[in-house]
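To start, the structure under review is shown below, and the notes come after it.
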Amino acid sequence: MSEMFKRVVHEDWTTIVPMIAFALMFGVFVVTTIRALRLGKSERERLATLPLNDSDR
Amino acid sequence: MSTPATQTATIQYDDKTVRQFMFFSVLWGLVGMLVGVICATQLSWWQMNGKFLETLTFGAVQADGISYLTFGRLRPLHTNAVIFAFVGNMMFAGIYYSTQRLCKARTASDLLSKIHMWGWQLIIVAAAVSLPAGLTRGKEYAELIWPINIAVALIWVVFAVNFFWTLAKRNESSLYVALWFYIATIVTVAMLYIVNHLSLPTSFPPSYPVFGRRQAGLVRWWHGDTAVACFPTTPILGIMYYFLPKAANRPVYSYRLSIIHFWSLVFIYIWAGPHHLLNTSLPRWLQMLGMLFSLMLWAPSWGGMLNGLLTLRGAWNKLRTDPVIKFFAAGVTFYGMATFEGPLLSIRAVNQLSHYTDWTIGHVHSGALGWNGFMAAGMFYWLAPRLWKTKLWSVAMANMHFWIGLVGILLYVAAMWTAGVMQGLMLGEVAEGGTTLKYDFVETLKAIQPQYILRSFGGTLFLLGFVLCAINLWKTARSGQPHDDTVEVAVPVRSHDSMKLRETLINDPVAYCILGCFTLCLWFFLPPYANVAALVVTILLAIKAIHGFRTRGAKWIDWHERLLHNYLPFTLLVFIAVAIGGAVQIIPSLIVNREENVEGRLQELYTPLELAGRDIYVSEGCYNCHSQMIRMLMPDVMRYSRAGKEDDFSHLGESLFDHPFQWGSKRTGPDLAREGGEIVEGSKFMRTGVRDNVWHYNHFMNPRQTSEGSNMPAYPWLFEQETDIKALPKKIAVQRKLGVPYPAMNQHEIIDKARMQSLEIANNLAAAKVLQPAGLEMDQEEFAKYLADRQVVALIAYMQKLGTYRIQEKKGPAEGQPLDPDSYRTEITGNDDSTANNE
């Protein structure tokens, strides 16, 4: 795998950019998904009802 | 993580600012949509470019066209009015209303709110005056001139300060997801706007954009696409997450999904800009990047749409009676449709057909009319009774607005889809034998006229619906009294916003991430053995991170939880996320050796007169209908390339010195990239391209005389107004500062060259005994002198220069930099009057 990246880096370094982009995006997606799934039920419900907690129902 | 309260406070919200923004949104919405309808009719009836005034004024106004009313000048007014005036004001109304309530705090500064509100309206007025006057930067969605841009930046800073100050004063520790979308809007719009509008003024108000050529394309669409993402999408999603639960009186369907929706959208949208430049000379990796990320947008967009629609679960019965729910449900559905279609159009194969045609226009309008227009209407109908403490004046009229608007959108979008697909197919159809194209451009234009008329009708219906909305809101306001909500809120013990920058960035999760990325890079780049060591270190780090999470997991989670209760670190992370996306696309373009970009073809420099002509081309908004980019597609090359030239699609080097670049995004007329030609024998400057000077002269005077069935406006004022020759020295000085390798010339040389070239062209026209403008009866010599000073001659000079280049010989892969200005200057000193294509 290292060889694959080396070839990309040496032959046309710009093609590595989409790979980095994809890795970053995927990383963020995984982190936020884990974070969202681990959010406690009570906190989740409290946050979801925030717009309803004012005078303008 | 709710925070205990110790005391309460009474707060009166600032709803006056909300009312004002709402009023102006409706007002500018009417103006923007009316201008849109006029623009639509101009494409069916050329007389709508000013000739119609003859009928309206019973002959008092006599003109084939009025400069202030042409499509090229009105179309930017329409797009700017709808995006920045209608949607902008609507978005500010929604943000000011919901932020105060979500923060349980009055807006931080009434003064800043006033400056923001009135400043924004002044900017809109300045745009409404300058754009029809032909004062433009010539970059789509970034047309406003530099003094207005400075005002936009300042007012945006005022808005940002007021918003973040309100967050800092808040009496609710958590940041609801709608606020995240607002933060992302403020950060991204600020960054994109500033980068895309960097210009060097030549005087007041003209300027040249700093970015030219490929970077300009990228920056423009990085801005253009993200302007679409961050102005009419992210804030409206925030508004959806606040107002939809309020209207349905139930919480958002899945708060988890809203979190994933936000972060995925923020990370992906910023990467998708290159999908506007597919099949062009843009490097393939960037095209693939744009396509890949556009396709990935399907997931978060549909996640958000489903989250919105499912919030209405259990409230669907209200659809029958409540116009607010109707508008919101249809608006969110249109969001789903538009965000399905967007990635679809980003697939290179689909883009071949859709790009430069009305299919894209249909896509944009399903978003603008369906998503933005209906979300705005839903929000206004919900807000008006609360802001004036009364009932909605007429529910029936609101329902009528909904149905008229819906039919209008559907007619509009269906007409544009069929027009786009039909014209795209016709343009690519080859004649029997397969060596020539079957249809002339103008034939394809005539074929889609029924759809154009249908589009005008659909747009008019939507406008009519919005007029009903304006009347309804006006009557509602008149039936009540302006009302500012007063509420009792619990003031929490302050534990939020206490996170320091050091705490944000220097901690275990961030450290492991940075070290992991660093050692991974070492694995890629280091020589054998050392790379294995780097890989081992990466694996050890991963094991250590997992161990750290198992033993101190609660602390890690607490760090992330606290991040969401601290707006500054949150904003910083959003900024980093957005900046990475932009930097990855643009920085390689800026640092890669220019020689690699030119691919052998290097654009000929414009002579002073041609540069003046180019500025007229930009000022008249010709780029709204004509592209200058022959894509790497067989139908494009067959239609627009020159006989005997191989690979005659547009190469990057051919627009290397264009500030601003004029690749365009829609072909209502044919591409002009190869319009020019070689210098005429015996002339010093004068060129003749695909068509001669007389053809262009007649075409600008009356396009239907040369192209039967053309919908292009006539340009009679070009035959009256003089070219601003005296401004050329300053303009060329600015071009040189931007890196365009003009040889050193003093102002007399510049002006003399311009006059010599204009006289050559004028003599040629006068000798051909072209029709003199109405009211003139001059002899040939006198007429030539008259013409030489007119704008039409400068514009003809520019048209005849388009697509000329010379071949940049490469001496070897490791040789120097031929685009270095000094070396270029030395090279052309002996012959700086340019040579024709010497391929």
### Task
Keeping to the range B:431-446, report how many residues are out of contact with any helix residue (DSSP H, G or I) (no Cβ under 6 Å at 6 or more places or on another chain) and in a helix (DSSP H, G or I).
5
### Task
State whether one or more residues within the range B:47-62 are within 30 Å of B:ARG667 (Cβ to Cβ) and in contact with a Pro (Cβ under 6 Å, 6 or more places away or on another chain).
yes
### Summary
The condition of being surrounded by fewer than 20 Cβ atoms within 10 Å (Cβ to Cβ), in contact with a strand residue (DSSP E or B) (Cβ under 7 Å, 6 or more places away or on another chain) and β-branched (Val, Ile, Thr) holds, among B:VAL694, B:VAL770, B:VAL734, B:VAL690, only for B:VAL734
## Note on the structure
By my count, helices (runs of 4 or more DSSP H) wholly in the range B:316-430 with at least 2 residues that are closer than 30 Å to B:TYR13 by Cβ are B:323-345, B:374-387, B:395-428
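To keep it simple, each residue is scored yes or no on (1) surrounded by fewer than 19 Cβ atoms within 10 Å (Cβ to Cβ); (2) in contact (Cβ under 8 Å) with a residue 12 or more places away in the chain; (3) among the basic types (Lys, Arg); (4) in contact with a His (Cβ under 7 Å, 6 or more places away or on another chain).
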{"residue": "B:MET90", "(1), (2), (3), (4)": "no, yes, no, no"}
{"residue": "B:SER109", "(1), (2), (3), (4)": "yes, yes, no, no"}
{"residue": "B:SER113", "(1), (2), (3), (4)": "no, yes, no, no"}
{"residue": "B:TRP118", "(1), (2), (3), (4)": "yes, no, no, no"}
{"residue": "B:LYS169", "(1), (2), (3), (4)": "yes, yes, yes, no"}
### Task
Could you please let me know if B:ILE514 is surrounded by fewer than 12 Cβ atoms within 10 Å (Cβ to Cβ) and within 40 Å of the chain's Cα centre (by Cα)?
yes
### Query
Is it true that some residue in the range B:41-56 is buried (at least 21 other Cβ atoms within 10 Å of the Cβ), aliphatic (A, V, I, L, M) and touching a residue at least 24 places away in the same chain (Cβ under 8 Å)?
yes
### Query
Mind checking which residues of the range B:339-358 are crowded, with 24+ Cβ neighbours inside 10 Å and hydrophobic (A, V, I, L, M, F, W, C)?
none
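Mind listing just one residue for me: the one in the range B:157-202 that is among the hydroxyl-bearing types (Ser, Thr, Tyr) and in a helix (DSSP H, G or I) and, of those, farthest from the other protein chains (Cβ to nearest Cβ)?
B:TYR193
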### Query
Can you tell me which residues in the range A:29-52 are within 7 Å of another protein chain (Cβ to nearest Cβ) and among the aliphatic types (A, V, I, L, M)?
A:ALA36, A:LEU37, A:LEU39, A:LEU47, A:ALA48, A:LEU50, A:LEU52
### Query
Just for the range B:478-494: of the residues that are over 41 Å from the mean Cα position of the chain (by Cα) and more than 14 Å from chain A (Cβ to nearest Cβ), which one is nearest to A:LEU52 (Cα to Cα)?
B:VAL491
### Task
Just need a number here: residues in the range B:546-569 that are under 19 Å from B:VAL177 (Cβ atoms) and away from chain A (no Cβ under 13 Å).
4
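One line per residue, one yes/no per condition, for (1) within 14 Å of chain A (Cβ to nearest Cβ); (2) more than 30 Å from B:PHE661 (Cα to Cα):
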| site | (1), (2) |
| --- | --- |
| B:ASN89 | no, yes |
| B:PHE92 | no, yes |
| B:TYR97 | yes, yes |
| B:CYS103 | yes, yes |
| B:THR107 | no, yes |
| B:ASP110 | no, yes |
| B:MET117 | no, yes |
| B:LEU135 | no, no |
| B:LYS139 | no, no |
### Message
Being more than 12 Å from chain A (Cβ to nearest Cβ) and not aromatic (Phe, Trp, Tyr) is true for just one of B:SER258, B:SER254, B:SER264, B:SER294. Which residue is that?
### Response
B:SER294
### Query
Would you pick out the residues in the range B:267-291 that are among the aliphatic types (A, V, I, L, M) and more than 7 Å from every other protein chain (Cβ to nearest Cβ)?
B:ILE270, B:ALA272, B:LEU277, B:LEU278, B:LEU282, B:LEU286, B:MET291
### Task
Please tell me if B:TYR68 is more than 24 Å from the chain's Cα centre (by Cα) and not in a strand (DSSP E or B).
no
### Task
Report the residue count in the range B:712-766 for those that are closer than 30 Å to B:TRP46 by Cα and assigned to a helix (DSSP H, G or I).
10
### Query
Looking at the range B:457-477, is at least one residue under 30 Å from B:GLU561 (Cβ atoms) and touching a helix residue (DSSP H, G or I) at 6+ places or on another chain (Cβ under 7 Å)?
no
### Task
Evaluate the range B:460-479: report whether one residue or more is aliphatic (A, V, I, L, M), surrounded by 22 or more Cβ atoms within 10 Å (Cβ to Cβ) and out of contact with any strand residue (DSSP E or B) (no Cβ under 8 Å at 6 or more places or on another chain).
yes
### Summary
Checked B:ILE576, B:ILE539, B:ILE543 against criteria (more than 10 Å from chain A (Cβ to nearest Cβ), over 23 Å from B:ARG170 (Cβ atoms), at pLDDT below 80 and out of contact with any Pro (no Cβ under 8 Å at 6 or more places or on another chain)); the one match is B:ILE576
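The values are calculated or read from the model by the stated rules, or taken from the named source; none is laboratory data. Keep in mind it's a predicted model, so treat the numbers as computed, not measured. Reconstructed Cβ throughout: ideal geometry from the backbone, glycine too, with neighbour counts over all protein chains shown.
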